[in-house]
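To keep things clear, I will list the structure first and then write my remarks on it.
The values are calculated or read from the model by the stated rules, or taken from the named source; none is laboratory data. Predicted model, so just to flag it, every value in this text is computed and none were measured. We place every Cβ from the backbone using ideal geometry, glycine too, and count neighbours over all the protein chains shown. Protein only, heavy atoms only, side chains kept; ligands, DNA and RNA dropped before computing areas. Shrake-Rupley method; radii C 1.70, N 1.55, O 1.52, S 1.80 Å.
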Amino acid sequence: MTGLTHLDASGAAHMVDVGGKATTMREAVATGRITMSPAAILAVREGSAQKGDVLAVARIAGIMAAKRTSDLIPLCHPLPLTRVALDLAPDKDGVTVTATCATEGKTGVEMEAMTAVSVALLTIYDMAKAIDRGMTITAVHLLEKRGGKSGDWRAPPPAT
């Protein structure tokens, strides 16, 4: 009907049947960014925010979120993740979060990677909002995915 896999022939939402798909190694990498004031980034970098070590808590939150993606996104399959890794890179005006998720399964881990990034960024916001309520979360997107029937995919380079 529309090419959307989560719609059946009548247009009703449904969970895709992955029963006949091959079990393969699958990996996805996603990223996103939060920008903030100089005072907020200083507290994040130094670990001096009132609520504690912002980056450590955000990393754990992202890992936990990846593991619970199917509880948050209605039509996602629960996946046995074999790897969830988060890189949190603070710089002069914010933090870039990159998540890598992997599984050996019948469906991909793109949603898990983007959920990990999103929740890690929201956690940073929550922990630093006493310093800067004007923080901005931007550019959450998939960078690449590997494996599965559709093969590998990589986001095009950003326009310059």
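For an R0 of 22 angstrom, estimate the FRET efficiency from the Cβ-Cβ distance between Ala155 and Ala85 and round to the nearest 0.05.
0.75
Of Cys101, Ala113, Thr136, whose Cα points farthest to the positive end of the dipole of region 100-140 (charges on the beta-carbon: +1 Lys, Arg; -1 Asp, Glu; origin at the Cα centre)?
Thr136
Let me spell out the model: positive unit charges on the Cβ of Lys and Arg, negative unit charges on the Cβ of Asp and Glu, origin at the Cα centre of the chain. What dipole size does that give, in debye rounded to 20?
So the magnitude is around 80 debye.
Within the chain, which complete DSSP H helices have Cα atoms spanning at least 18 Å along the helix axis and a mean Kyte-Doolittle hydropathy of 0.5 or higher?
Correct list, ordered by number: 54-67, 110-128.
Where does the chain land at 222 nm, in deg cm²/dmol rounded to the nearest 500, when only DSSP H runs of n ≥ 4 count, each adding -39500 (n - 2.57), divided by all residues?
-9000 deg cm²/dmol
Leaving out ligands, DNA and RNA, and with a 1.4 Å probe, what % of the accessible surface on the chain is carbon or sulfur?
Looking at the chain in its full context, I get 59 percent from C and S.
Among all the lysines, which ones have a C-alpha under 25 Å from Lys67's C-alpha, if same-chain residues fewer than 8 places away are not counted?
Filter leaves Lys21, Lys51, Lys106, Lys145, Lys149.
Tell me the relative contact order for the chain as a rounded percent, counting alpha carbon contacts under 8 Å between residues six or more apart.
35 percent
Would you mind working out the accessible area per residue for the chain, using a 1.4 Å probe, and quoting it in Å²?
55 Å²
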